[in-house]
Amino acid sequence: MIRKLLLALVVVLLSLAAGQAASAQGNGPIQPTDDQVNAIAKKLYCPVCPNTPLDVCETKACQDWRAQIRDELASGWTEPQIIDYFVAQYGERVLAEPQRKGFTSLVWLLPVLAVALGIGVTWQVLRSWQRARAPAVSAPTDAPPLSAALLDRIERELRDLD
Amino acid sequence: MLADLGLASLFIAFLLSVYATAAGALAGARHREAWAESARNASLLTFPLLTLSVGALVYALYSLDFTLAYVADVSSQTMSPFLRVTALWGGQQGSLLFWAWLMASFVAAVLLRKWRRNRDLMPYFIATSMLTTTFFIGLVVFISNPFARLWLVPGADELTTAVFQPAQAMLYAAEDGQGLNPLLRHFGMIGHPPTTYLGFTGFVIPFSFAIAALLSGKARDEEWIRTSRSWTLVAWIFLTIGLVLGGRWAYDVLGWGGFWGWDPVENAMLMPWLTGTAFLHSVMITEKRGMLKVWSVALIILTYSLSLFGTFITRTGVIGSVHAFAKTALGPVFFAFIGLTFLGSLSLLLNNLKTLRAEHELESVLSRETAFLLQNTLFVGITFAVFWGTVFPMVSELVTGTKVTVGPPYFRAVTGPLFLALLVLMAIAPLMAWRKQSPRGLLRSLAAPLAASAVISAVWGFSHRMHPASFLALWMVSFGSSAIAFEFWKGIRARMQARGENPLKALATLLQRSHRRYGAMVIHLGVLMVAMGFVGDAYFKQETHATVSAGESVQLGGYELRFNGLRQYAGSDGRAILEASATLAQDGRLIRELRPRRDFFVAQDQPSTVPAVLSTPGEDVYVILVGWDEAAMSWATFKMYINPLINWAWAGGVIMVLGTLIAVWSFGEAEASYRLRPGLVASVVVTKE
Amino acid sequence: MSEPVVSPPADSVAAEPSKLARLGRSVAYAIVLALLGLFAFGLVQANSGPREAGLAPDFTLTGFDGRTVTLSQLRGQVVIVNFWASWCPPCREEAAYLEQTWRKYRDRGVVFIGVDWVDTDKEARAYIEEFDITYLNGPDLATRIADAYRIRGVPETFFIDKAGALQGVHIGPLQAPDLDDKIDELLALPASAP
């Protein structure tokens, strides 16, 4: 009788332990840290408040969204999945960095074009300056000899000029 | 009573400025001396009248005259007298009046100082500058009047705001005012708007001189540049200070650990600063060599238009921002004015292209002239990138109907390389000769700075985390600083050898006699320091977010922040304060107690996060309280940042001011030494060696 | 053009602007005008309020419970479209009143649609359960519906008559008996557009 009871107790204890182990595994990965949540929230903007990144915003709505990111991370979602979800839910404006496809690619493209244009313009201007240059001599060695008086004056001015 | 006087003088000032604009324009067109004199007198008189208005408003704010709607809006009994006075620029109406007053004061100062010397430019100068002043005074008088009162109109359930009494209405005096938004009660807020406005309005002076030169056919001469040179520098340094103070205020008050968020309104202030800096440099070469005239005129037109645009965005909420004032009817009027101003100046410029273009000669592509051209292009390029990123959300909405956000990742990626190129140029350009710089000579001058910077960045890279872009940025900063240091050293050594002065006296004399050159170098040094602050913020920042109970610690870097407890109490001005007590330690060694707070202003229903900061030259440890246990006060959530090199940004701002003072000091008399043709001297010096 | 053409003086600085220069000039003006147009648009946008009149923009909404509804298929009925969010305190003030009014009018040809604006799934469902809301509520994906109706915030309620035309908007929480009055007013209107 006592052995049966002991056996029952052991079985109960073992199954409890097994149940614990099972449920610990069933809980999924450990709760994501705030830093992990913020790493993703950094890439998003608050859909409601103007120009406020999601990791900084302190309103209730933003806290809900960060909680959402946390839940999704805990469920094993990857970063791209979470970001895509936010875009689908709240629109493109929730992204901090504009996408590089579609109409939005223009925001990236135009500055590149502008820089190329700037280089082109600078080059053209420099060439026009050189083309217009007078045929007069400019190399120091070709300079006409300076009179002594002029040299004196230059020396004086140089001293005063630092 | 005093308020009525203020309103009256405001109205008279408006009439006078309209007259001054018309008289000035006529005087310029018909070359009538008498009308010019009359226009000048009218303009001069505008200033004391506006001063009276401003004084009346300040007095009303100080004495809490709550019959004025504006006073009821921005002032309150819980505010200190000092804060009440600064509320002058705390709201839309007052800040517009303040702006108009500053503009009038600049114009009056110019008219007092420069009247004798620049008679031919003066009539159109008055017409242009007073046209703008008229516009702003007009805005204040007709649309956004700080002297409007609150009235109880029978039958209406809301108070009416009006300047003149509506039919059968009764005057309403509030018992207490709303008070300034708590976020604005900070020394940065005290300093940021006045300096920013001084910067924006100051640029009207060189702009008006440029327009006057174009209108009177004198654009070929550089007289307009010489005349407005010091005013440009004054406007520029104030705009710079305004930017730095704005960043400082954001850092201290807004509680997100950074100081520059690429917010549309921030960008709106950055753009005129960029073109203004380009203008500041471009006029140097225009004055000396008559080159880049079109660039110089175009740049001041851009700077001025962007200043107007900046204030337009801030005040009308066209581009959403955390910054914006409440919307009013200003929008359409402002828009029309900016449009007309920009189109008008642009067509003036385009019609005068022939006059402005002169024949240039360039000996060699490697010369200071090229450096100037490059810097203009780079600055305009950066300005375009910032502008495009700022307006793109509107473009996207117009074209595709979807709103997008253009955030810091875009701005950093696009402007970063351009800024890097600009900073390298800033280091090299002062070492380059006019007309022709021999490559060997340049390399010789650069050898020492290159070596020094290579060593410094190698050592730094060795002992710190080395993100490639940050390494490049750090190299550039050290390169620029060593180039400047070596220039100073060369100058000091030359004086020591030639005059036998000791190093300190040599330095002092350098700064005094060649104050423009060395003052500029000091400013550049300040710029490099600010750049360091940005580099630290972009690449070396660390942050963490954690919830801890009493006794537990948050770890970041080598730091440990131990949470001790929370306490609640009431502040002196009616705010409820929740304060966390925490102890900061580094590598086991106790440093200090930090007390981040969350204040709540009950009257305005406004929360405010007050960070606790430990500042050292190397970095800031920045802690904010973001969450807490409301029930039992047993746990708290902190956000902790380590912001390396940030104090270099603030120090850099101070150095820039110092450099400007050096450059401006006795700016009147040092002109003579610049009459000598530097090209000739450089070539002679090369021969002698 | 009867005046004789005067040839330019010999020492003028430059000749007539070349075609390239004129093209450049036109481009410059075109860009400036385009920018000004852009800002004019921005100004109008900033100052315009929610849609109040005209045909109500059509939309299809999938509710939290799986039901779908398309606005254009509701012709002949009065439709009340209410924008809300779980994090919005004023929305909570009107939630009970909305549900109560829905129950009163649901068999009289009135449809209530709740559009959940930039909210989280979890909180939204909790909100619906808290106020025991039975009319259809769904998330506004990518804020398309909110953008179409140009809402400025929440709560905002749009009134649509039997012909599908907008008959006004109420900004802020609704209080009794405003909604009942408005619905009675709309029910009295004929089903075809006047």
By the C-alpha gyration tensor axes a ≥ b ≥ c (rounded if a/c is under 1.5, else prolate when a/b exceeds b/c, else oblate), the shape of the stretch B:576-672 is oblate
Any helix of chain B counts here only if DSSP assigns it H throughout, its Cα atoms span 27 Å or more along the axis, and its mean Kyte-Doolittle hydropathy is at least 1.6, and such helices are B:330-351, B:646-664
In cubic angstrom per residue, the convex hull of the stretch B:1-185 built on its Cα atoms measures 119 Å³
Over all viewing directions the Cα convex hull of the stretch B:326-433 casts an average projected area in nm² of 10.9 nm²
Ranked output for segments B:646-656, A:95-105 by mean other Cβ atoms within 10 Å, highest leading, reads B:646-656, A:95-105
Rounded to the nearest 10, the angle in degrees between the Cα long axis of helix C:19-47 and the longest principal axis of the Cα atoms of chain C comes to 20 degrees
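Ratio of alpha-carbon Rg to the 2.2 N^0.38 Å globular estimate for the stretch B:498-584, to two decimals, please. Provide the component values of the computation, followed by the final result.
Working: Rg = 24.7 Å, N = 87, 2.2 N^0.38 = 12.0 Å.
Against the empirical 2.2 N^0.38 Å value, I get 2.05 for the stretch B:498-584.
Normalised by the residues of the stretch B:1-185, what does the relative contact order come to in percent, with Cα pairs under 8 Å and at least six apart? Walk me through the numbers before you get to the answer.
Numbers: 306 pairs, mean separation 54.8, N = 185.
Reported as a whole number, the value is 30 percent.
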Scattering profile of the stretch B:190-380 from the Debye formula, Cα beads only, expressed as log10 I(q)/I(0) at q = 0.11 Å⁻¹, is -0.53
Taking every residue of C:164-175, the Cβ atoms of other protein chains inside 10 Å of its Cβ average out to 0
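With Cβ to Cβ distances under 12 Å as the rule, what net charge do the other residues near B:Leu373 carry (K, R +1; D, E -1)?
Taking every other residue near B:Leu373 into account, the sum is +2.
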Listed by chain and number, the aspartates and glutamates with an alpha carbon less than 20 angstrom from that of C:Lys162, same-chain partners under 8 positions apart left out, are C:Glu52, C:Asp58, C:Asp107, C:Asp178, C:Asp180, C:Asp181, C:Asp184, C:Glu185
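Plugging the Kirkwood radius over Cα pairs into Stokes-Einstein for the stretch B:534-594, at a temperature of 20 °C and a viscosity of 1.002 mPa s, what D comes out in µm²/s?
Values: Rh = 13.5 Å.
It diffuses with D of about 158 µm²/s by this estimate.
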Taking max minus min of the Cα coordinates of the stretch C:63-194 on each principal axis, largest first, gives extents in Å of 42, 29, 27
All alpha-carbon distances of chain B, grouped into 20 Å bins from 0, give the whole-percent distribution 16, 45, 32, 6, 0
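Residues of B:431-439, mean number of Cβ from any other protein chain within 10 Å of their own Cβ, rounded to a whole number? All intermediate terms of the calculation are to be shown ahead of the outcome.
On the way: counts 0, 0, 0, 0, 2, 3, 0, 1, 0.
Mean number of neighbouring Cβ atoms from other chains: 1.
Pairs A:Lys42/B:Lys639; A:Lys43/C:Lys122; B:Lys288/B:Lys490; A:Lys60/B:Lys403; A:Lys60/C:Lys122: which are spaced more than 20 Å apart, C-alpha to C-alpha? Before the final figure, lay out the partial values.
Details: A:Lys42/B:Lys639 14 Å; A:Lys43/C:Lys122 22 Å; B:Lys288/B:Lys490 24 Å; A:Lys60/B:Lys403 23 Å; A:Lys60/C:Lys122 14 Å.
Over 20 Å apart, Cα to Cα: A:Lys43/C:Lys122; B:Lys288/B:Lys490; A:Lys60/B:Lys403.
Dividing the convex hull volume of the alpha carbon atoms of the stretch B:161-218 by its residue count, what do you get in Å³ per residue?
Numbers: hull volume 7.9 nm³, N = 58.
Output value, Cα hull per residue: 136 Å³.
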Rounded to the nearest 10, the angle in degrees between the Cα long axis of helix C:121-131 and the longest principal axis of the Cα atoms of chain C comes to 40 degrees
Residue-normalised 222 nm signal for chain B, counting each DSSP H run of n ≥ 4 as -39,500 (n - 2.57), nearest 500 deg cm²/dmol, is -21000 deg cm²/dmol
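Note down the relative contact order for chain B as a percent, whole number, built from C-alpha pairs under 8 angstrom at least six residues apart.
On the way: 1153 pairs, mean separation 67.3, N = 689.
10 percent.
Rounded, prolate or oblate, given the Cα gyration tensor of the stretch A:35-102, with a/c below 1.5 counting as rounded? All intermediate terms of the calculation are to be shown ahead of the outcome.
Working: a/c = 1.70, a/b = 1.07, b/c = 1.59.
The shape class here is oblate.
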One quarter of the C-alpha convex hull surface, i.e. the mean projected area of the protein assembly as shown in nm², amounts to 58.7 nm²
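Which of B:Thr383, B:Thr341 has the fewest other C-beta atoms within 10 Å, and how do the rest follow up to the most?
Values: B:Thr383 25, B:Thr341 21.
Least to most surrounded, the residues fall as B:Thr341, B:Thr383.
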Relative contact order as a percentage, the stretch A:35-102, C-alpha pairs under 8 Å and 6+ apart, gives 36 percent
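Taking the mean number of other Cβ atoms within 10 Å as a proxy for protection, how do you rank C:25-35, B:245-255 from highest to lowest?
Values: C:25-35: 12.5, B:245-255: 21.1.
Taking the mean over residues of other Cβ atoms within 10 Å, the ranking is B:245-255, C:25-35.
Coordinate-derived values only; no laboratory data. The structure displayed is predicted, hence computed values, not measured ones. Ideal geometry is used to build each Cβ from the backbone, glycine not excepted, and the neighbour counts take in all protein chains shown.
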